[in-house]
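Engineer: Below you will find the structure I want to go over with you.
None of the figures in this text is laboratory data; all of them are computed from the coordinates on show. Predicted model, so just to flag it, every value in this text is computed and none were measured. Please note: Cβ atoms are built from the backbone with ideal geometry, for glycine as well, and neighbour counts cover all protein chains shown.
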Amino acid sequence: MVNKEAYTNFALVYDELMTDIPYDAYVDLISLATSGIKGKKIIDVGCGTGLLSVKLSKSGAIVTGIDLSKDMLNIAEKRANDLSLEIGFHELPMQEIEGEEQFDAAVIAIDSLNYLPDKENVLTTFKGLYSVLNSGGVLIFDVHSTFKTDVIFMEGPFTFDNDRIAYIWHTEEGDEEHSVLSELSFFVKEESGLYRRFDERHEQRTFHVFEYVDLLQEAGFTVERIFADWEDEPPYEESERIFFQARK
């Protein structure tokens, strides 16, 4: 699965590849679940380059971001500093979150949870987040559906080219059920006009909706809402991204 060395080069092109992600919709989801973001303490888990963290902070939240990639966090810190935003960023795997109650909301956005290798690590993460959420605090996250890992991802290879960045994305079935191994070759245009290549290897795994529900409940959460693909509709057989909202 992903490790601390992953994303070293990817961090430099990550933002450009994530322009289609509706982070504002995530802000709205959190605002709805917390009855307004302003003044709320929020932990952004797997924060990456801080795109969501910054949006939450600009909306008035008190934000803490964690990620296991130092390179991603360096970009996140620069982004926040350039905007004069006070956001605490910390290098930490999500499975190691623990502590006293302090946050009103926790968010694990854009399938970051799918980098955990098994249900034990997912449960550990849920328990850790439960411990740091205030009573009544909310956890919101999204994951790949089993349809996406088992069917959509197997339709590769996928390609992308915006003239500055190009990639070839090969996928294959992982060793575990509902897991996918991705091997990406990136080509980034330098000022000289030549392209620099680097390669990334990632593995993600997901579980059935009812398995996430069981893990959330085992951690102590009450599941409030499950929906799919950024719509206020329940998941169906060919849904690709599943959202969960759970309350302490």
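Engineer: State which entries of Lys55/Lys78; Lys55/Lys148; Lys148/Lys248 exceed 23 angstrom in Cα-Cα distance in the structure shown.
Structural biologist: Lys55/Lys148; Lys148/Lys248
Engineer: Using the Karplus equation 6.51 cos²θ - 1.76 cosθ + 1.60 (θ = phi - 60°), what ³J(HN,Hα) coupling, rounded to whole Hz, does each residue of the range 70-80 give in order, writing x for Gly and Pro?
Structural biologist: Each residue of the range 70-80 in turn: 5, 5, 4, 5, 4, 5, 4, 5, 5, 4, 5 Hz.
Engineer: Would you tally the net charge around Ile242, using a Cβ to Cβ cut-off of less than 10 Å, leaving Ile242 out, and scoring K and R as +1, D and E as -1?
Structural biologist: -2
Engineer: While we're looking at this one, here's another question. So what is the orientation-averaged projected area of the range 55-194, using the convex hull of its C-alpha atoms, in nm²? Each step should come with its number before you reach the end.
Structural biologist: Numbers: hull surface 43.9 nm².
Mean projected area for the range 55-194: 11.0 nm², to one decimal.
Engineer: Using a Förster radius of 22 Å, what is the FRET efficiency between Phe187 and Ile21 based on their Cβ-Cβ separation? Nearest 0.05, please.
Structural biologist: According to the calculation, E is roughly 0.50.
Engineer: Additional query: Which order, highest average first, do 200-212, 232-244 follow once you tally other Cβ atoms within 10 Å for each residue and take the mean per peptide?
Structural biologist: 200-212, 232-244
Engineer: In nm, what is the difference between 0.36 nm times the number of residues separating Lys78 and Leu194 and their Cα-Cα distance?
Structural biologist: 39.0 nm
Engineer: Next question, about the same structure. Go ahead and run the numbers for FRET between Asp118 and Glu218, Cβ-Cβ distance against an R0 of 22 Å, rounding to 0.05.
Structural biologist: Values: r = 14 Å, r/R0 = 0.65.
With a Förster radius of 22 Å, E is 0.95.
Engineer: If eta is 0.692 mPa s and T is 37 °C, what Stokes-Einstein diffusion coefficient results for the range 148-204, Kirkwood Rh from Cα pairs, in µm²/s?
Structural biologist: The diffusion coefficient I find is 269 µm²/s.
Engineer: Moving on. Please give me, ordered by residue number, the GluC sites (Glu not before Pro) of the range 99-164 that lie in loop per DSSP and have at most 15 other Cβ atoms within 10 Å. Walk me through the intermediate numbers first.
Structural biologist: Working: sites: Glu100, Glu101, Glu120, Glu155; in loops: Glu100, Glu101.
In loop regions of the range 99-164 (DSSP not H, G, I, E or B), the sparsely surrounded GluC sites (Glu not before Pro) are Glu100, Glu101.
Engineer: Work out the P(r) tail for the chain: percent of alpha carbon pairs separated by more than 32 Å, whole number.
Structural biologist: Cα-Cα pairs of the chain separated by over 32 Å account for 18 percent.
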